[in-house]
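Take a look at the structure set out below.
The values are calculated or read from the model by the stated rules, or taken from the named source; none is laboratory data. Only a predicted model underlies this, so the values are computations on that prediction, with no experimental measurement involved. Because the Cβ atoms are built from the backbone with ideal geometry, glycine has one as well, and the counts that use them run over all protein chains shown.
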Amino acid sequence: MKKGMIKVSVFYPNADGKKFDMDYYIGTHVPLVSKTLGTALKGASYDKGLGGGAPGSPATYVSIANLFFDSIEEFGEAFGAAAPTFQADLPNFTNIEPIVQISEVMV
């Protein structure tokens, strides 16, 4: 990704009693995101948490998605229209309330 792009990170915090179906997420939700955002989405990565900073500690996040767009306007237009679709699919793979951060790529 290049400087000036917009990165939208979606964090799924790890906690007792929370569920996250990684197979559904990767096999169904990720393709839904790609299809729904279309050409506005310039790239993406999807991570599975394996552990925390201390040896043997659990991962802070079960999963993190990073979505890249050329501009904040392009992101807003694409994501605004897609949000209801993504919200409707959320219960199919998790009961975690995601945390979203919008950033500008600096390097």
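Here is a yes/no grid of residues against (1) under 17 Å from P13 (Cβ atoms); (2) in contact with a Lys or Arg (Cβ under 8 Å, 6 or more places away or on another chain):
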residue: G43; (1), (2): no, no
residue: G49; (1), (2): yes, no
residue: G56; (1), (2): no, no
residue: S71; (1), (2): no, no
residue: A81; (1), (2): no, no
residue: A88; (1), (2): no, no
residue: T94; (1), (2): yes, yes
residue: E104; (1), (2): no, yes
> If you go through segment 24-33 one residue at a time, do you hit one that is surrounded by fewer than 16 Cβ atoms within 10 Å (Cβ to Cβ), within 28 Å of V107 (Cβ to Cβ), out of contact with any helix residue (DSSP H, G or I) (no Cβ under 6 Å at 6 or more places or on another chain) and not aliphatic (A, V, I, L, M)?
Replying inline: no
>> I'm trying to understand the selection: among the residues of segment 1-42, which are within 14 Å of F79 (Cα to Cα) and small (G, A, S)?
In response: S9, S34, G38, A40
> Just checking, how many residues over segment 34-46 are free of Cβ contacts under 8 Å to residues at least 40 places away in the same chain and either surrounded by 14 or more Cβ atoms within 10 Å (Cβ to Cβ) or closer than 16 Å to P91 by Cβ (or both)?
Replying inline: 4
>> Tally up the residues in segment 83-104 that are of a type in the set (A, V, I, L, M) and either modelled with pLDDT under 95 or surrounded by fewer than 13 Cβ atoms within 10 Å (Cβ to Cβ) (or both), please.
In response: 4
> Applying the selection to segment 64-107, what residues are among the small types (G, A, S) and out of contact with any Pro (no Cβ under 9 Å at 6 or more places or on another chain)?
Replying inline: S71, G76, A78, G80, A81, A82, A83, A88, S103
> Within segment 1-30, restricting attention to residues that are under 16 Å from G49 (Cβ atoms) and among the small types (G, A, S), which residue is farthest from the chain's Cα centre (by Cα)?
Replying inline: A15
> In segment 9-23, which residues are out of contact with any strand residue (DSSP E or B) (no Cβ under 7 Å at 6 or more places or on another chain) and surrounded by 14 or more Cβ atoms within 10 Å (Cβ to Cβ)?
Replying inline: none
> Looking only at strands (runs of 3 or more DSSP E) that fall completely inside segment 12-107, which ones have 2 or more residues that are among the hydroxyl-bearing types (S, T, Y)?
Replying inline: 43-48, 61-69
